[in-house]
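Novice: The structure follows.
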Amino acid sequence: MKNKVVVVLAVLLFLVLIAGICFTAYTIFTREPITDVELSNDVPTPTEASKQDDLHSALFTKENFPKMDASLATQPLTDAFYQNFLGLTPADDGYDGYTNTHWGYERLITGHTKFKEKEYADRDIIVVTYPSEEEQQLAKDNNIELDITPVVNEGFVFFVNKENPVDNLTLKQIQDIYSGKITNWKEVGGLDEKIVPYQRPVNSGSQTGMLDLVMKDENGNPIKMIEPTNETFESTMEGIIEAVADYDNSRQALGYSYYYYANTMFTKDSIKLIAVNGVQPTNETIKNNTYPIHTAYYIVTRKDEPKDSLVTKLKEAMLSERGQIVAENAGYVPVGK
């Protein structure tokens, strides 16, 4: 009897073992392969997460961010840097306000300026157009050397009313118009109408660009511009575009500005940017330097700024890969691209 019990237990144990083996085999061969499982695209890899942190982590605090000013056309750029590097907008920070190109230079060089009847204090760093002769002289008179570094590429552009059939001017034709040698649109392929060439004030960024980039001969000598009349003088970049767009005889008008401002900040359906020497100003032609009137916006600081200062750190951040991505996302053309 005892032997029968042992045999029965052995048989039961064998059957349990066989059942376990069968169940395990069924589980292995019927489940979905793990290689078929799709990873979510919403979860960044550690490397990607690190890059994201690098692009958005604060580089400064509200207390140590350098005092900055900008021209009208670069204020969206400095706003973008401000927000990315600090995590705040100038408005959030209670910023005391931008002035403009010439007044920014005065604040950097002399420590103060008066802009629109309001006093403004010194600045550590400005993002503007290249200094005019008067601004360079102001620095010399105050024994200040300026450090001037391109931060984004830019093009100097000319525009007419869309009703004007002229789509292209050569650089020589533009020089002849603004020196008074060409006075009628028919001389450059347009209608038999007087040309009304608008100008900006001396020391405005646009007028400095016009004098430095356009009104010079092949040897670099200045070409004298005609004196503007009350009709053809506009104090603001907005005003010169409005004049070409809405002036009673706007088909006769010609104006100039910087590409970013005319194409992005203050667009008007009734104006068109014209080609120069057959090349239309676009992001691509400015990026690859095929547009002939090529320039930049500049970071300007005092040359004696210490290499380990927060101002130098901000400048380096603007020029870094992160800073150039910020600039491109704001609509500007990065340097070195």
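Novice: Can you tell me how region 168-243 classifies by the Cα gyration tensor, rounded, prolate or oblate, using a/c under 1.5 as the rounded cut?
Specialist: Oblate shape, in that a/c is at least 1.5 and b/c is the bigger or equal ratio.
Novice: Further question on the same structure: Using θ = phi - 60° and the Karplus relation 6.51 cos²θ - 1.76 cosθ + 1.60, list the HN-Hα couplings for region 318-324 in order, rounded to whole Hz, with x at every Gly or Pro.
Specialist: So the J values, rounded to whole Hz, are 4, 8, 6, 4, 4, x, 6.
Novice: Hey, another quick one. How long are the semi-axes of the equivalent ellipsoid of region 106-154, taking √(5λ) for every eigenvalue λ of the Cα gyration tensor, in whole Å from largest down?
Specialist: Those come to 19, 15, 10 Å.
Novice: Report, in cubic angstrom per residue, the convex hull volume of the C-alpha atoms of region 200-337.
Specialist: It comes to 156 Å³ per residue, whole-number rounded.
Novice: Whole-Hz ³J(HN,Hα) for each residue in region 274-279, computed from phi via Karplus 6.51 cos²θ - 1.76 cosθ + 1.60 with θ = phi - 60°, x for glycine and proline: what do you get?
Specialist: Couplings: 9, 6, 10, 6, x, 10 Hz.
Novice: Also: Relative contact order of region 158-293, please, whole-number percent, based on alpha carbon pairs below 8 angstrom and at least 6 residues apart.
Specialist: 37
Novice: In addition: Please work out how much length the chain gains when fully extended from GLU163 to ASN143, using 0.36 nm per residue of separation minus the C-alpha to C-alpha distance, in nm with one decimal.
Specialist: Contour length minus Cα-Cα distance gives 2.2 nm.
Read-outs throughout are calculated quantities, based only on the coordinates presented, and are distinct from any laboratory measurement. Since the structure is predicted, the reported quantities are computational estimates derived from the model, not experimental observations.
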